[in-house]
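Peer 1: Structure below; questions to follow.
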Amino acid sequence: MNLLKTSLCALALLCAAGTAFAASPSSASFRIDASQRGKIIGNKVSTINIWQFQNWKPGKDEGADLTKFVESIQFMQATGGNETRDLFVDPKNTDVVDDYDFAPLLRACHDVLNLNAKPLIKLSVPDKFSKETVIDGFSVDALPPDDYDVYYNYIHAMAEELVKEFGLEEVLSWGWGVLVEFENASWFHDKAKTPEGSRDAFFKLYDYSAAALTDVLGDDIYIGAHAMACTEGLWDERDFLDHCAKDKNAKTGEPIPIKYFACSFYDDKPDKPHGLTLAQTVERIRERAESLGLNDLRYGIDEGRILDGSMGVDDDDLIHRIVGQTYQASYDARTFKILVDNDIDYFSAWSYSSAGPYSGYPLIAYRVAEQLVNFKNAKLLGMTSEKALAEGVDCDAVAGFDEETDTLYLVAYNFKFDLDYDETADLAFTIDAPFWKDQTLEFSVMTISDADNFFCKWLEDREKYQISNDAFHWSPDSGCLDGALVDPKVRELYYSKLRPGYVEIANRAPETTTTDMPAGKDGKIEFCGTLPRHGVMFCTIRAK
């Protein structure tokens, strides 16, 4: 029997595996075969979104070092749609269509590279290229270009400018997309807003975009597109896969390149999951792709998480689509397991910091992401489980083995679709690792819980200072407090008195406890403990 003791700040491992549980309403036991290894898990937290790069500049980093795990930064609707997005000297002058000004894009790409990441540029149609303008729900012109060759010239010139600035080899390591949620009528449609016409207009736009890029960069480009997919659009997004597999490029007559297919995925509220699950959203796309012989595509979520929280003064939309409660930690750990189980490559986030991407202090979701990257080079391990869970509770785990470092990584979570969920879960683990028999192991454990979350103190302060929901722009459940407060008195209180304490809590990394553990003559490792509500546990095991 192995009995591991840790502080209360880490996972309270209270008993040997196999001991009966009594305290918690939910329990789960997991058996992991460390010799049964599948495919490499990869970096599921590799990507982040920038809503409009012209308004973005990496700000003051107060502890949230995203360079630990972010490898790709997406520029949404990057090449046009309104006056502030169009890359021209004079976006309003529709009589001159080649007065290109790519300096803002060059600056933003430099910023990305300085963060040790790569740009993924989502191409879009300048408002300037449509004599008629239709502004829909995202404040951009939703119409296709009047002349696709004019659009082709624009993208071609942009690619040439990027190569001139950064070099062909560097630019070839970047990614490209065409539009954001291409079947979402609020982003793009033909003049009559018909499903067939809008679909065909997107096909042509994709073809001309790909042609402009390949004519400058060559055929080996990483290109794809981003659909809503989790909800019904103006037309069936899977038709785009048919186009890529069966048709020829409308500009060149050549095959149509596609390397990835991205979806959006949102849950409606913390207590209201969306209709399609994350797994279903991607699987219906993959099924069509593979039926067409497109067997090597990457699949990811290019935006998502949670749409709404409680109502603020303007709206209940969540800033950056995340809550500040520790709920977000277990939500993200659960999402990680779904990605792993369904072979989904990544889930792109809007933010992990209080002031948005690459500025502010870390949110509780950041603490999860900086640990999940440890699984990047690990192979998925076989696992079985037995569970007795309270209604609506999801307790689960993922284990991986990094053969280069001879390290086993484990993550487990205690989740429920309920911000007010307040119950612990008892977890037990048995790991069969015969290759470690008779060895002394280094065992490290970290638990992320309410104790590590500044937002819990913020909720106490809201009650203490009687801060109502009317003090917030959008939802008060958002942890991105910088810029979220519209009441001048509350803003003054936050910045002058409260914020320094939150920064201190947020930068106090969860305690990690490390101890020696004998593996036993058969290499079996056993441990168990109690995980708090919405808690996430990370274990690392390696031979000494």
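Peer 1: Looking at segment 38-93 only, could you name the residues that are open to solvent by 50 Å² or more (accessible area, probe 1.4 Å) and of a type in the set (V, I, T)?
Peer 2: I40, T67, T84, V89
Peer 1: Tell me which residues, restricted to segment 298-329, are open to solvent by less than 10 Å² (accessible area, probe 1.4 Å), assigned to a helix (DSSP H, G or I) and within 28 Å of L120 (Cα to Cα).
Peer 2: Once the filter is applied, which keeps residues that are open to solvent by less than 10 Å² (accessible area, probe 1.4 Å), assigned to a helix (DSSP H, G or I) and within 28 Å of L120 (Cα to Cα), segment 298-329 yields Q328, A329.
Peer 1: Same structure, new question: Can you give me the ranges of the strands (runs of 3 or more DSSP E) entirely in segment 419-534 with at least 1 residues that are small (G, A, S)?
Peer 2: 425-432, 440-448, 524-531
Peer 1: Is it fair to say A245 is among the small types (G, A, S), touching a strand residue (DSSP E or B) at 6+ places or on another chain (Cβ under 8 Å) and touching a residue at least 24 places away in the same chain (Cβ under 8 Å)?
Peer 2: It is false that A245 is among the small types (G, A, S), touching a strand residue (DSSP E or B) at 6+ places or on another chain (Cβ under 8 Å) and touching a residue at least 24 places away in the same chain (Cβ under 8 Å).
Peer 1: Any idea how many residues of segment 113-127 are surrounded by fewer than 22 Cβ atoms within 10 Å (Cβ to Cβ) and in a loop (DSSP other than H, G, I, E, B)?
Peer 2: Within segment 113-127, residues that are surrounded by fewer than 22 Cβ atoms within 10 Å (Cβ to Cβ) and in a loop (DSSP other than H, G, I, E, B) number 3.
Peer 1: What number goes with the only condition from (1) more than 24 Å from T384 (Cα to Cα); (2) open to solvent by less than 60 Å² (accessible area, probe 1.4 Å) that E460 does not pass?
Peer 2: Here E460 clears every test but (2).
Peer 1: Give the residue, chosen from K337, K387, that is of a type in the set (D, E, K, R), open to solvent by 10 Å² or more (accessible area, probe 1.4 Å), part of a strand (DSSP E or B) and at pLDDT 95 or above.
Peer 2: K387
Peer 1: Where the second residue is part of a loop (DSSP other than H, G, I, E, B) and at pLDDT below 95 and the first is farther than 15 Å from F202 by Cβ and open to solvent by 20 Å² or more (accessible area, probe 1.4 Å) and lies in segment 128-146, which pairs have Cβ atoms under 8 Å and are six or more apart or on separate chains?
Peer 2: Once the first residue is farther than 15 Å from F202 by Cβ and open to solvent by 20 Å² or more (accessible area, probe 1.4 Å) and sits in segment 128-146, its partners that are part of a loop (DSSP other than H, G, I, E, B) and at pLDDT below 95 give K131/T94; D146/S130; D146/K131.
Peer 1: Continuing with this model, one more query. Mind checking which helices (runs of 4 or more DSSP H) fall wholly inside segment 166-284 and carry at least 1 residues that are under 19 Å from Q74 (Cα atoms) and open to solvent by less than 30 Å² (accessible area, probe 1.4 Å)? Give the steps one after another, and end with the answer.
Peer 2: Working: elements: 168-171, 195-217, 239-246.
In segment 166-284, the matching helices (runs of 4 or more DSSP H) lie at 168-171, 195-217.
Peer 1: Another question, then. Name the single residue that is farthest from Y260 (Cα to Cα) among those in segment 341-358 being open to solvent by 20 Å² or more (accessible area, probe 1.4 Å) and either of a type in the set (G, A, S) or assigned to a helix (DSSP H, G or I) (or both).
Peer 2: Looking at the filtered set, the residue picked out is A355.
The values are calculated or read from the model by the stated rules, or taken from the named source; none is laboratory data. Only a predicted model underlies this, so the values are computations on that prediction, with no experimental measurement involved. As a convention, Cβ positions derive from the backbone with ideal geometry for all residues, glycine included, and neighbour counts pool all protein chains shown. These area figures cover heavy atoms from the full protein model, side chains too; ligands, DNA and RNA do not enter into them. Shrake-Rupley method; radii C 1.70, N 1.55, O 1.52, S 1.80 Å.
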